[in-house]
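K.L.:
This structure is in structure tokens; I'll ask about it shortly.
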């Protein structure tokens, strides 16, 4: 196979053949890499009128480095009940959900939601709990300054501070204290009521009786440290 001619392009020698183009500007015969240009047998480059072909690659690193935001409030379902109503055409079912919502920083609330669908009932209970959220007067170590006791319906709840014992509570009262962020306390149900709604609301009613340590100390003419002791 004899060489026809040798041309210089971009200060580079390119050997062309009558039947084959060995090399054009450093690219092999056919489509030029990274563009829509093609080479013919004569050695000329035909430009693509639509411009270079773009290559789209999936970003494999997409999503990395994103920080997932934690929800502002934590929630817990205390009770869910199915209610049946007997109608002329038969029985109708609905659901009642009791939800406790808190941020573990001194705010907590109890809500009730009712609907024919459990998902809608949970959403209603969550909105109701956030609407009825209260701020508690806790100490610096997230405990309570004094004993409290409250009654709601037939439920009677007593909460006492217990330094170094952690959280000693049960049933729905424990859920209320956990989501409120209260520690180093002991609680007791003084009634025989098993109603979780009344027990949780009695616990919140008792926590609302907490007085601010600084205000009590100012009224008594003492320091807050002396008042805690």
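The values are calculated or read from the model by the stated rules, or taken from the named source; none is laboratory data. Keep in mind that what you see is a predicted model, and the values were worked out from it rather than measured. A quick note on method: Cβ atoms are made from the backbone with ideal geometry, for glycine too, and the neighbour counts reach across all protein chains shown.
K.L.:
Consider residue 130 carefully, then state whether it is modelled with pLDDT of 95 or more and either assigned to a helix (DSSP H, G or I) or under 16 Å from residue 200 (Cα atoms) (or both).
P.N.:
Against the criterion (modelled with pLDDT of 95 or more and either assigned to a helix (DSSP H, G or I) or under 16 Å from residue 200 (Cα atoms) (or both)), residue 130 does not qualify.
K.L.:
Looking only at the stretch 108-125, which residues are surrounded by 20 or more Cβ atoms within 10 Å (Cβ to Cβ) and not in a strand (DSSP E or B)?
P.N.:
The answer is 121, 125.
K.L.:
If only one of 156, 134, 148 is touching a residue at least 60 places away in the same chain (Cβ under 8 Å) and more than 32 Å from the chain's Cα centre (by Cα), which one is it?
P.N.:
148
K.L.:
Filter the stretch 147-186 down to the residues that are in a loop (DSSP other than H, G, I, E, B) and surrounded by 15 or more Cβ atoms within 10 Å (Cβ to Cβ) and list them by number.
P.N.:
162, 169, 181, 182, 183, 184
K.L.:
While we're on this one: Does residue 138 meet the test of being touching a strand residue (DSSP E or B) at 6+ places or on another chain (Cβ under 9 Å) and over 29 Å from residue 84 (Cβ atoms)?
P.N.:
No, not satisfied.
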